[in-house]
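Report on the structure given below.
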Amino acid sequence: MRNTLTNLGVLVLIFITLTFPNTSILAAEKDEPSLTTLSSMSTPRQDFQTETIDGKIYAIGGRNGTPYLSSVEV
């Protein structure tokens, strides 16, 4: 009897997972904050570091092609 209930429970879980595959993903996406683009950076850069201080995002260093940059953008 116990094996029958266990097997039935597993089958029900498989059925629910196959019937509603994206339910957990949709629930997680509702809690995520939305992002808004405020403006583009004035200097194109790659391989840079970022830091957030007092709600501002700082783009630090990186490189633009070959030379490394010593600038910081907020």
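What follows draws every value from the coordinates through simple rules; no lab data is involved. Just so it is clear, the model here is predicted, and its values are computed rather than measured. Reconstructed Cβ throughout: ideal geometry from the backbone, glycine too, with neighbour counts over all protein chains shown.
If you scan region 36-74, which residues turn out to be of a type in the set (D, E, K, R) and either surrounded by 12 or more Cβ atoms within 10 Å (Cβ to Cβ) or touching a helix residue (DSSP H, G or I) at 6+ places or on another chain (Cβ under 9 Å) (or both)?
Scanning region 36-74 gives 45, 63, 73.
Can you name the residue in region 47-65 that is in contact with a strand residue (DSSP E or B) (Cβ under 9 Å, 6 or more places away or on another chain), assigned to a strand (DSSP E or B) and of a type outside the set (S, T, N, Q) and is also nearest to residue 35 (Cα to Cα) among such residues?
57
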